[in-house]
Structure formats: C-alpha cells, structure tokens
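To start, the structure under review is shown below, and the notes come after it.
What follows is calculated from the coordinates using simple rules that are stated; it is not laboratory data. Quick caveat: nothing in here was measured; it's all calculated off a predicted structure. Positions of Cβ are generated from backbone atoms using ideal geometry, with glycine treated the same way; all protein chains shown enter the neighbour counts.
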Amino acid sequence: MSRTAIVTGAGSGIGRVVARALLDDGWRVALAGRRPEALAETAQERRGALVVPADVTDETQVDALFAAVRRAWGRLDLLVNNAGDFGPSGSPDEIDPTAWRRTVEVNLTGAFLCARAAFAAMRAQTPHGGRIINNGSVSAHAPRPGSIAYTATKHAITGLTRSLSLDGRPHGIACGQLDVGNAATAMTGTLATGARQADGTVRPEPTFDTRHVADAVRFMAGLPLDANTQFLTLTATTMPFVGRG
C-alpha cells in the first residue's frame, strides 16, 4: 500500500521540492498551502498528488485538510511541517507587535495545529503510528542579527519537536526536526549578494541545492517507526554558521 503524507508550505521553495520528491518516490501527498495555483504547479498532474488549499494558522482549515486526507486515503503516515515565514527584520525595539504575532501564528501555532491534527490521526488509525518532521532552522541554534521573531519561533519548534517525540512514544508516533541552513530558494536569494553578519559587516554567503533537503526528508521518512532521526542539521558547507557570533 502506498504511503501517505501531508506537506505544508508546498507551493514553493523547500515544500515544493520535498513534495515532488515524495511523489516521485511513490508517496501519495497532500499539498497544503494558501495559494491554489502554486500548489497545482507543484503537483504538475503527478500521480498521487492531492491539492488542498489551507492556511495553517486557521484551525478550521487545518481540520479540513486532515479530513480531506482521511476521506481520500484513510490514513496518514507522514506530516512534513514546513510552512513558515521569515517575519520582520530589525532590532527588538523596531519590531511591530502585529508582525511578531503573525510570525508566531505561522511558524509556531501553525506547526502546532498541524502536528495536533496529525497526532490525532496517527493515534486513532489502524495500524496506529506515523512520523512528523518539523522544519526547524539553524536559527533554532544561533540567530542572525535582527531576526528575533523568526529565531524565537524556531527555538520553540525544538520544544515542540521534543514534546511530540515524548508524547508520541506510546502511540508509535516518531517526530524529528530538520534544521536547514542556506538552501537555495527564493527566500534565500539575497544571500548571494550579501547578508548581515554578527560583526556588522555584510558578506555574501554560500547556498546549496534544495534537492539535498528532499534527500534528508527521504532518509528521515524512510526509517522504520522504531528508529528516529531526532535532529538533523543540513547546511552549506562553508556558511558562517558554526562561527556565527
């Protein structure tokens, strides 16, 4: 029987590449995101793709997403919790509280709502169990200057991952976190021209092909449920992450 997955933020960037890789591997994949046209472009009429427009910050839409998967396939084996936003930039006193709340809603509350729905589905289905992969970031370990909202949410994703892992044990639910640094997407396009460093300078940073993120997800998702990649960090080899600060 084909394995089933939901990928959030599947309309572009990492989500698109991961969703297509899973589809190419024979998974049945629900593509979730706010833009139907972008999701359809990701699907490209691939067999096994199910386009389900959904805003992860809206509990009703999240519940409808998981209900659509249940109707279509009867079970859920994998959630890739990928939807996210960089949020506002600036020093803490310059951050608009409304923009802060929006970043928390997308990056943290959205991830929780999807994990909550996935947990319920995986706990109830027969055979029970499944896997949740949260898209963290190297910012879950060390911040960039002027990124307090994004960094705070990504640190919180680590707590979400650990709690899901612990609470999922009795139900065969594994949860791991993939921390990505400088994958080449539209969101990271400015890195090639220059990114502000901790010492105040602006320097170009290297990126790597996003298909390697898909390879990492394939590895994590391909493990049996009695094994788990708790945390996996994937970066451009020479990005200034290890020496950040």
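In the chain, Cα pairs under 8 Å separated by at least six residues give a relative contact order of 17 percent.
Quick one: go through the stretch 191-206 and flag any residue whose amide nitrogen is under 17 Å from the point 7 Å out along the Cα-to-Cβ line of Glu94. From the stretch 191-206, the list is 194-203. Our estimate of slack between Thr60 and Glu45, defined as 0.36 nm per intervening residue step minus the Cα-Cα distance, is 2.7 nm.
Here the spin labels are modelled as points 7 Å beyond Cα on the Cα-Cβ line, and at Thr190 and Ser2 they lie 4.0 nm apart. Overall, the anisotropy analysis places the stretch 23-64 in the oblate class: the square-rooted eigenvalues a ≥ b ≥ c of its C-alpha gyration tensor yield a/c not less than 1.5, with a/b not exceeding b/c. Contact order, relative form, for the stretch 36-164: 27 percent (alpha carbon pairs under 8 Å, 6 or more residues apart, mean separation divided by residue count).
Rounded to the nearest 0.05, what FRET efficiency do Arg101 and Ala72 give with R0 = 35 Å and r taken as the Cβ-Cβ distance? Could you check?
Details: r = 33 Å, r/R0 = 0.96.
Using R0 = 35 Å, I get an efficiency of 0.55.
Here the chain is treated with +1 on each Lys and Arg Cβ and -1 on each Asp and Glu Cβ, and its dipole about the Cα centre works out to around 560 debye.
Helical content of the chain, expressed as a calculated mean residue ellipticity at 222 nm, amounts to -12000 deg cm²/dmol (DSSP H runs of 4 or more residues, -39,500 (n - 2.57) each, divided by residue number, nearest 500). Compared with the alpha-carbon gap, the fully stretched path from Asp25 to Leu166 is longer by 47.8 nm at 0.36 nm per residue.
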